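Asker: Quick one: structure below, then a few questions.
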Amino acid sequence: MKCRFCKSELSDVFIDLINSPASNSFLTKEELNEPEVFFPLKVYTCHTCFLVQIEEYKKSDSIFDNKYVYFSSYSKSWLEHASRYTDKMISRFNFNEKSKIIEIASNDGYLLQYFKAKNVPVLGIEPTANTAEVAINKGIDTVTEFFGVQLAKELVSKGIKADLLLGNNVLAHVPDIVDFVSGMKILLKEDGVITMEFPHLMQLVDNNQFDTIYHEHFSYLSFYTVKQIFESCGLSLFDVEEIPTHGGSLRIYAKHEENTKKEISKNVADLLDKEMAKGMNSPAYYQNFQQKALQVKLSFIEFLIKQKKEGKKVAGYGAAAKGNTLLNFCGIKNDLIEFVVDANPHKQNKWLPASHIPVVAEDVLKQSKPDFVIIFPWNIKEEVIKQLSYIKDWNGKFVIPIPQLEVI
Ligand SMILES: [Zn+2]
């Protein structure tokens with residue numbers, strides 16, 4: 001297997017999470033009686049460019065199909081993030097009714113709706129038909145296709161180019177990252193700006209976030225590596241911000257390398273220095289990760305077994321991809337965790353893949369009064385703790401399994 005960027009042979013294993021079903025493949029009642037497909041979940045570090053990457057195990061269009069149940073608009077904090085981003089971009093780059101904002105992986109229009117409300121023309125690109133349909137119903141023009149060089153050329157041939165081309169949590173999810181970035185080079189106007197947000201590999205390693213690894217997530221990116229990838233496609237990074245979303249992400253700003261009008265921010269050199277100081281350009285930085293994940297697994301299983309033996313009731317909150325990775329790596333089933341609450345009605349009355357834990361609405365939590373509620377999306381733990389503060393009425397406690405087991 002070769003590195004999907006620099007084509008070096010991959011031999012260094014970053015982490016092996018053994019195997020599991022696609023993390024968003026929630027099961028219906030009928031599907032509980034059918035066999036489930038498991039895929040290996042092994043991640044490599046390239047010893048040349050340090051792109052951390054998963055082996056492509058099947059075509060991504062079979063994952064991002066119509067059953068795809070992730071609707072961005074269900075998280076309040078994510079909507080606030082999108083709204084703040086919109087204001088920031090409009091004030092920094094002066095986008096107006098003559099501009100064109102194009103979002104790749106625009107989901108249900110959770111972000112473009114804010115540009116549209118300010119009369120800035122938008123176009124969404126979203127491969128999953130059911131989420132795209134929600135956006136279209138909101139009046140957001142959406143192309144239902146995967147993005148890459150081919151689609152970029154088609155759009156350009158129709159006279160469409162972007163003043164702002166953005167993508168949140170998509171760069172890491174594309175199987176062919178070089179084709180994807182090359183497509184952005186084609187679709188971007190001469191003086192246009194690209195912004196991309198993705199989880200920062202430095203946070204993943206430093207904070208034990210191995211549960212953010214799943215089959216749909218092909219690349220795990222440092223600034224050092226992403227800069228090389230963009231430069232190889234004729235784009236330069238002129239600014240970067242470290243932002244708190246998804247446990248610590250980067251927002252990178254790119255432009256055509258030919259565009260000399262935009263100055264390179266000092267943030268670029270500062271973040272590179274920070275990554276180099278940690279050793280992210282040497283193999284040693286990546287070598288201890290399997291052992292760290294194993295420690296999390298052992299404490300989590302130990303906790304659950306102890307509660308079971310003492311007759312305590314344990315439930316979960318947030319039927320997120322993260323939770324599925326953790327549960328399947330730990331081999332946990334519905335005999336140790338009774339149910340998981342999720343606000344998204346598209347996930348309710350379904351079952352988590354492999355663990356077969358039922359996904360229920362919040363009223364089940366209120367009726368069943370569990371002793372412990374495990375928060376799987378630890379990145380929004382403050383929001384969840386506030387929302388479910390009433391579990392204290394029956395002396396319920398919150399459990400956060402990552403970066404290490406914590407009971408609140
Ligand atoms: Zn490489």
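Asker: Of all strands (runs of 3 or more DSSP E) completely enclosed by segment 223-319, which ones contain at least 2 residues that are of a type in the set (A, V, I, L, M) and within 21 Å of the chain's Cα centre (by Cα)?
Answerer: Qualifying strands (runs of 3 or more DSSP E): 235-243, 249-256.
Asker: Further question on the same structure: Out of all the residues in segment 342-355, which are assigned to a loop (DSSP other than H, G, I, E, B) and within 23 Å of the chain's Cα centre (by Cα)?
Answerer: Our first condition is that a residue be assigned to a loop (DSSP other than H, G, I, E, B); within segment 342-355, this holds for 342-350, 352-355.
Scanning segment 342-355 gives Asp342, Ala343, Asn344, Pro345, His346, Lys347, Gln348, Lys350, Leu352, Pro353, Ala354, Ser355.
Asker: State all residues of segment 1-23 that are farther than 16 Å from Thr225 by Cα and either more than 12 Å from the ligand (Cβ to nearest atom) or buried (at least 22 other Cβ atoms within 10 Å of the Cβ) (or both); if no residue qualifies, say none.
Answerer: Of everything in segment 1-23, those that are farther than 16 Å from Thr225 by Cα and either more than 12 Å from the ligand (Cβ to nearest atom) or buried (at least 22 other Cβ atoms within 10 Å of the Cβ) (or both) turn out to be Val13, Ile15, Asp16, Leu17, Ile18, Asn19, Ser20, Pro21, Ala22, Ser23.
Asker: Would segment 327-341 turn up any residue that is under 21 Å from Leu32 (Cβ atoms), touching a residue at least 60 places away in the same chain (Cβ under 8 Å) and in a helix (DSSP H, G or I)?
Answerer: Looking through segment 327-341, at least one residue is under 21 Å from Leu32 (Cβ atoms), touching a residue at least 60 places away in the same chain (Cβ under 8 Å) and in a helix (DSSP H, G or I).
Asker: For segment 26-45, does any single residue satisfy the condition of being within 16 Å of the ligand (Cβ to nearest atom), modelled with pLDDT of 95 or more and polar (S, T, N, Q)?
Answerer: Yes, segment 26-45 contains a residue that is within 16 Å of the ligand (Cβ to nearest atom), modelled with pLDDT of 95 or more and polar (S, T, N, Q).
Asker: Under 8 Å between Cβ atoms, at least 6 apart or on separate chains: pull out the pairs that start in segment 7-22 with a residue that is assigned to a loop (DSSP other than H, G, I, E, B) and end on any residue that is within 13 Å of the ligand (Cβ to nearest atom) and β-branched (Val, Ile, Thr).
Answerer: Pairs found: Ser8/Thr48; Leu10/Thr45.
Asker: Which one of these does Val174 not meet: (1) in contact with a Gly (Cβ under 9 Å, 6 or more places away or on another chain); (2) buried (at least 19 other Cβ atoms within 10 Å of the Cβ); (3) under 22 Å from Ala277 (Cα atoms)?
Answerer: Checking Val174 against (1) in contact with a Gly (Cβ under 9 Å, 6 or more places away or on another chain); (2) buried (at least 19 other Cβ atoms within 10 Å of the Cβ); (3) under 22 Å from Ala277 (Cα atoms), the one that fails is (3).
Asker: If you don't mind, there's one more thing I want to ask. Here are the criteria: (1) surrounded by 22 or more Cβ atoms within 10 Å (Cβ to Cβ); (2) modelled with pLDDT of 95 or more; (3) not polar (S, T, N, Q). Tell me which single one Lys347 does not satisfy.
Answerer: Among (1) surrounded by 22 or more Cβ atoms within 10 Å (Cβ to Cβ); (2) modelled with pLDDT of 95 or more; (3) not polar (S, T, N, Q), Lys347 violates only (2).
Asker: Residues that are modelled with pLDDT under 95 and under 24 Å from Glu302 (Cα atoms): does segment 369-377 have at least one?
Answerer: Yes: one or more hits.
The values are calculated or read from the model by the stated rules, or taken from the named source; none is laboratory data. Quick caveat, the model's predicted, so the values are computed rather than measured. Note: ideal-geometry Cβ built from the backbone for every residue, glycine included; neighbour counts use all protein chains shown.
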